[in-house]
Amino acid sequence: MKLQQLRYICEVARHDLNVSATAQSLFTSQPGISKQIRLLEDELGVEVFARSGKHLTRITPAGEAILGIAGEIMQKVDSIRQVAQEFSDEKKGSLTLATTHTQARYALPGPINEFIKAYPDVSLHMHQGTPMQISEMAADGSVDFAIATEALQHFNDLIMMPCYRWNRAVMVPKDHPLTQVSRLTLEDVAAWPIVTYVFGFTGRSKLDEAFRRQGLEPKVVFTAVDSDVIKTYVRLGLGVGIVASMAHEPGVDDDLVALDASHLFEPSTTKIGFRKGTFLRGYMYDFIRLFAPHLTPDMVHRVQECANRAEVDALFEGLELPVH
């Protein structure tokens, strides 16, 4: 049994059993991967993948168990490499993030700018996607950190830490009748067509819960994953926008008015997550601290020592998180 063979089966599974795509991502040949998988199966005496002709069709029950262990082994191998890199040159390496548009556009530029200044020899990579995609990437080790508001809690392999709280604003053109309302109510907002985030994005669940509790059915006429797209359609008169408050930019959005809606909706918490057992290099701790100053290396170490999420939650109980 070789590490290369374990890496191949993990990568094939990650590429939805597409051996050709796996070969391209690993810069090797498709026949070479197929041969090594067969050699591994012959040695183990079981099939990892079921086949129809030359095509892989599904992961076998034995394969599911083997892949779970193989994934843990490959994570440990990657951690060994990270340890070696940390001791050989603590300021060189790479950092990969997965996040949503709102985080990438409004919350991360400042911390990333500071990080790049402090670590010019660390290559930084960012992937954007749905919260579920982001969580999956962190859970399978494709990225170092996931930063999102939704979906992280669905993955037991992730260690999650709260970064900041935020709420929403109702965005309207300057001449909109809602600008004359002294204190918005949900009924005021529900009377207008609504433009907001796709369900599952950027705290959308809190928005839906608020209307449901009041027995209201808002008329959501347009949804998007991008706050800037939502603002574009508000400008076109499609409806009133409900976005994260941080998405209103003075000097950029002066043609729009951001009406405070924090009293209408429960606040949301953005979290940073990484896979359990991940070896965090020194610059990774610094990135976390730059993004969420209360998450000091000591606090992150304490979180890593927690046995379950209840213990993690207890660590942050009573802590006043920053508000964006």
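The values are calculated or read from the model by the stated rules, or taken from the named source; none is laboratory data. These numbers were taken from a predicted model, which means no experiment stands behind them. Virtual Cβ from ideal backbone geometry, glycine too; neighbours counted across all protein chains shown. Note: accessible area is taken over every heavy atom of the protein model, side chains too, but ligands, DNA and RNA are not part of it. Shrake-Rupley method; radii C 1.70, N 1.55, O 1.52, S 1.80 Å.
Is one or more of the residues making up segment 263-270 surrounded by 15 or more Cβ atoms within 10 Å (Cβ to Cβ) and either among the small types (Gly, Ala, Ser) or over 21 Å from Ser205 (Cβ atoms) (or both)? The answer is yes; a qualifying residue exists. Taking the listed residues Leu259, Leu207, the one that is under 20 Å from Arg183 (Cα atoms), free of Cβ contacts under 8 Å to residues at least 60 places away in the same chain and not acidic (Asp, Glu) is Leu207, with no other qualifying. If you filter segment 155-166 down to residues that are out of contact with any Gly (no Cβ under 7 Å at 6 or more places or on another chain) and not charged (D, E, K, R), you find that the one that is surrounded by the fewest Cβ atoms within 10 Å (Cβ to Cβ) is Asn156.
For segment 5-18, indicate whether the set of residues that are of a type outside the set (Phe, Trp, Tyr) and over 19 Å from Ser142 (Cα atoms) is non-empty. No, that holds for no residue. Counting only residues that are of a type outside the set (Gly, Ala, Ser), in contact (Cβ under 8 Å) with a residue 60 or more places away in the chain, buried (at least 19 other Cβ atoms within 10 Å of the Cβ) and not in a strand (DSSP E or B), segment 120-154 holds 4 of them. Of the residues making up segment 13-43, those that are of a type outside the set (Lys, Arg) and either farther than 16 Å from Leu67 by Cβ or in contact (Cβ under 8 Å) with a residue 40 or more places away in the chain (or both) number 18. May I ask you to list the residues in segment 1-12 that are open to solvent by 50 Å² or more (accessible area, probe 1.4 Å) and either over 22 Å from Lys76 (Cβ atoms) or in contact (Cβ under 8 Å) with a residue 60 or more places away in the chain (or both)? Across segment 1-12, the qualifying residues are Leu3, Arg7.
Count of segment 56-71 residues, restricted to those that are more than 13 Å from Ile9 (Cα to Cα) and outside any strand (DSSP E or B), is 1. Report yes if some residue within segment 193-213 is in a loop (DSSP other than H, G, I, E, B), out of contact with any strand residue (DSSP E or B) (no Cβ under 7 Å at 6 or more places or on another chain), basic (Lys, Arg) and surrounded by fewer than 14 Cβ atoms within 10 Å (Cβ to Cβ); otherwise report no. Looking through segment 193-213, none of the residues is in a loop (DSSP other than H, G, I, E, B), out of contact with any strand residue (DSSP E or B) (no Cβ under 7 Å at 6 or more places or on another chain), basic (Lys, Arg) and surrounded by fewer than 14 Cβ atoms within 10 Å (Cβ to Cβ).
Quick check on Ala98: is it in contact with a Lys or Arg (Cβ under 9 Å, 6 or more places away or on another chain), at pLDDT 90 or above and not aromatic (Phe, Trp, Tyr)? Spelling it out, it is not the case that Ala98 is in contact with a Lys or Arg (Cβ under 9 Å, 6 or more places away or on another chain), at pLDDT 90 or above and not aromatic (Phe, Trp, Tyr).
Here Asp254 fulfils each of the conditions (1) of a type in the set (Asp, Glu); (2) part of a helix (DSSP H, G or I); (3) surrounded by fewer than 16 Cβ atoms within 10 Å (Cβ to Cβ) apart from (2).
Note on segment 221-247: residues that are open to solvent by 50 Å² or more (accessible area, probe 1.4 Å), free of Cβ contacts under 8 Å to residues at least 60 places away in the same chain, not in a helix (DSSP H, G or I) and not polar (S, T, N, Q) total 4. Of the residues making up segment 75-124, just one is basic (Lys, Arg) and closer than 26 Å to Arg165 by Cβ, namely Arg105. The residue that is least open to solvent (accessible area, probe 1.4 Å), counting only those in segment 177-187 that are in a loop (DSSP other than H, G, I, E, B) and out of contact with any helix residue (DSSP H, G or I) (no Cβ under 9 Å at 6 or more places or on another chain), is Thr185.
Out of curiosity, is Arg275 free of Cβ contacts under 8 Å to residues at least 12 places away in the same chain and under 18 Å from the mean Cα position of the chain (by Cα)? Judged against the criteria, Arg275 is not a match. Suppose we filter segment 273-324 for residues that are part of a loop (DSSP other than H, G, I, E, B) and crowded, with 17+ Cβ neighbours inside 10 Å; how many remain? Selection size over segment 273-324: 5. Can you pull out every residue in segment 35-55 that is open to solvent by 30 Å² or more (accessible area, probe 1.4 Å), closer than 15 Å to Leu17 by Cβ and not in a loop (DSSP other than H, G, I, E, B)? Arg38, Arg51, Ser52, His55 - these are the residues of segment 35-55 that are open to solvent by 30 Å² or more (accessible area, probe 1.4 Å), closer than 15 Å to Leu17 by Cβ and not in a loop (DSSP other than H, G, I, E, B).
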